[in-house]
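Engineer: Pasting a structure below so you can have a look.
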Amino acid sequence: MTSEHRHHTSGSLRLAVGLAASAGFVDAFIYTKVTPVFVANMSGNLVRLGISGGVHDWRAAAAGVVAIGSFLLGAVVATTHLDSHVRGERLPDPIGLLIAESVMLLALAGVVSLAHVEYSGTIQPIDFVVVMLGAAAMGNQAIALRRVGQVAVSTTYGTGAVVRLGEKIALSFRRAPRPDDARRRVTIAVLGAVLASYVAGAAAAAALSGGAVLLLLPSVVPLIAATLLLRRLPGRD
């Protein structure tokens, strides 16, 4: 295992499913109830950034830059936190990252509520704050969980997972040789569950009516996860 892989935290499938659902929820909430910008799906933002630049919609382009930059910042800070553990000869611990994500999502709910943010197809000044908080939280989450067992996962975007899922399905149909075929089936099941959870979270956010109070739902998920992980630490019952 390379030194960089030492920073990749591993967790249960239930944790991955919960975080993916919360990411999909936040992404869809902001996109459908605040402004059409993704805070978890950076692939979509890159395309929108190019389109905005092409049609000279500089405010929309700026929102895309803020989303991508904030997501990147969240990932950088989260990785720095884990690196401090690795340098101290400890296992990378995602508990602090999960708590930080919960705090950022609660702050996001507070901004949406106190500023009375409503949907607008045109980026409003307050929307930049919403996008910044949401994207930073999702960048943080992207680092908080990188594997389920030996299966690499992402809880905040799905393009890579769809590619890997297609690869594994094709090789399974062709019965391509593999020393451990069971792992291929596990990979398909894990990636499928995480992707389905992300979509389900997005669907829930789009279907539910309500304002900032809805953001309390995804903010609770990382807090519950952190609490459960904390209880499993050595020396605790």
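Engineer: Looking at (1) surrounded by fewer than 16 Cβ atoms within 10 Å (Cβ to Cβ); (2) modelled with pLDDT under 90; (3) not β-branched (Val, Ile, Thr), can you tell me which one PRO94 breaks?
Structural biologist: All conditions are met except number (1).
Engineer: Please work out which residue is surrounded by the most Cβ atoms within 10 Å (Cβ to Cβ), limiting yourself to region 1-31 and to residues that are polar (S, T, N, Q) and at pLDDT below 95.
Structural biologist: THR9
Engineer: Go through GLY158, GLY121 for me and flag whichever is touching a Phe, Trp or Tyr at 6+ places or on another chain (Cβ under 8 Å) and surrounded by fewer than 23 Cβ atoms within 10 Å (Cβ to Cβ).
Structural biologist: GLY158
Engineer: Is it the case that some residue within region 69-89 is touching a helix residue (DSSP H, G or I) at 6+ places or on another chain (Cβ under 8 Å) and either basic (Lys, Arg) or assigned to a loop (DSSP other than H, G, I, E, B) (or both)?
Structural biologist: No, region 69-89 has no match at all.
Engineer: Starting from residues that are part of a helix (DSSP H, G or I) and either among the polar types (S, T, N, Q) or more than 29 Å from SER209 (Cα to Cα) (or both), keep the ones in region 27-45 and report whichever is farthest from the chain's Cα centre (by Cα).
Structural biologist: Checking each candidate, the answer is THR32.
Engineer: Quick one: what pairs do we get from region 172-191, first residue over 14 Å from ARG147 (Cα atoms), second of a type in the set (Gly, Ala, Ser) and modelled with pLDDT under 80, C-beta under 7 Å, 6+ apart or different chains?
Structural biologist: ARG184/SER172
Engineer: Scan region 201-225 and report the pairs whose first residue is free of Cβ contacts under 8 Å to residues at least 24 places away in the same chain and whose second residue is of a type outside the set (D, E, K, R), with Cβ atoms within less than 7 Å and a gap of 6+ or a chain change.
Structural biologist: LEU208/LEU214
Engineer: Further question: Inspect region 73-89 for any residue being surrounded by fewer than 17 Cβ atoms within 10 Å (Cβ to Cβ), of a type in the set (Gly, Ala, Ser) and farther than 23 Å from ARG147 by Cα and give the result as yes or no.
Structural biologist: no
Engineer: Continuing with the same structure: Residue check, ALA61 against (1) closer than 20 Å to LEU195 by Cα; (2) touching a residue at least 12 places away in the same chain (Cβ under 8 Å), all met but one. Which one?
Structural biologist: The number of the failed condition is (1).
Engineer: A follow-up question, please. Kindly indicate which of GLY110, GLY149, GLY166 is out of contact with any helix residue (DSSP H, G or I) (no Cβ under 6 Å at 6 or more places or on another chain), surrounded by fewer than 20 Cβ atoms within 10 Å (Cβ to Cβ) and at pLDDT 95 or above.
Structural biologist: Unique residue meeting the criteria: GLY110.
Engineer: Counting only residues that are assigned to a loop (DSSP other than H, G, I, E, B) and in contact with a Leu (Cβ under 9 Å, 6 or more places away or on another chain), which one in region 204-237 is modelled with the lowest pLDDT?
Structural biologist: Result: ARG236.
Engineer: If I filter region 94-110 down to residues being over 15 Å from ALA78 (Cβ atoms) and in contact (Cβ under 8 Å) with a residue 60 or more places away in the chain, which single residue comes out as farthest from the chain's Cα centre (by Cα)?
Structural biologist: The extreme case among them is GLY110.
The values are calculated or read from the model by the stated rules, or taken from the named source; none is laboratory data. All values derive from a computational prediction rather than experimental measurement. Glycine gets a Cβ as well: all are built from the backbone with ideal geometry, and neighbour counts include every protein chain shown.
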